[in-house]
Every structure is written in structure tokens, then in C-alpha cells.
Amino acid sequence: MLELEGIPLLLMLAFWIYCVFDAINADESRIRNLPKLVWVFIVLIFFDVGAIAWFVAGRPRAAWQPTFTYGDQARTAPRGPAADVDFLQRVDRGGTQRRREAEVELNRREEELRRREEELRRRDGGNATPD
């Protein structure tokens, strides 16, 4: 064990108390390497070494991630846009309208191009050869 005094001792004590409560309140299915009860005893019995061991090797990795509630369902934050079904549906709804508008505009421009090409052919007397 480390021999500490003064402020370092207070900091280590605060860290140890945090680790004790964290080990007790952690979800047992997410704790790594050892069962929850073993980790609690390690942190309680081995003051500084136990707290550091819990923090490095036992604590769940994703304990800091926020959870969001959608209706009655709680879930973790999505990893990216492809994992968020609600987001994809909202984007698709907006995208469908924009696609329709773009298609109408494209059809209008193609018709305008056909009209201009026909006008050029008539003006040149049909002598123009297509590329």
C-alpha cells in the first residue's frame, strides 16, 4: 500500500469512496473480469490498490455514456446515423420530397433541351449531325 498524507491522502480517500460506490452500484452484467461481490471486497479490503484495480480492470467501459428516452423505451446513444432508425426515417421523408422536386426540375430541363435541339435542327435546315 502507498503511504500518503495530507492532500494526496484526501484525494486517494475520495477516489476510494468513489470506487466503493461505483462497484456497489454497477450493473453486474457489465462488470469486467470478476464477479461484482469479489470486486466490492477487493475495493474495500485493499484501499488504494483495490480502487485502482477496480477503475482499470473491473469498471464497465461504457458507464459514462448518457441514455436517452424515446417514449417508454430507454436506450443508449446511437453509435452513428445509421444506427438511429428515427433519424433515418426523418431524413428519408424529407429526402423523398426533395427527390420528387429534383425529378420534376430534371424533366423540365430535359424537355427544354429537347425543344432547343429541335429548334436548332429546324433553323439549320436539318444539316446538323449528331455527335
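Find the residue count for the stretch 24-61, including only residues that are open to solvent by less than 50 Å² (accessible area, probe 1.4 Å), in a helix (DSSP H, G or I) and among the β-branched types (Val, Ile, Thr).
3
For the stretch 1-23, enumerate the residues that are touching a Phe, Trp or Tyr at 6+ places or on another chain (Cβ under 9 Å) and surrounded by 13 or more Cβ atoms within 10 Å (Cβ to Cβ).
Those that are touching a Phe, Trp or Tyr at 6+ places or on another chain (Cβ under 9 Å) and surrounded by 13 or more Cβ atoms within 10 Å (Cβ to Cβ): Met12, Leu13, Phe15, Trp16, Tyr18, Cys19, Val20, Asp22, Ala23.
The values are calculated or read from the model by the stated rules, or taken from the named source; none is laboratory data. Model, not experiment: these values are computed from the prediction. Cβ atoms come from the backbone with ideal geometry, glycine included; neighbour counts cover every protein chain shown. The accessibility values were calculated without ligands, DNA or RNA, using every heavy atom of the protein model including side chains. Shrake-Rupley method; radii C 1.70, N 1.55, O 1.52, S 1.80 Å.
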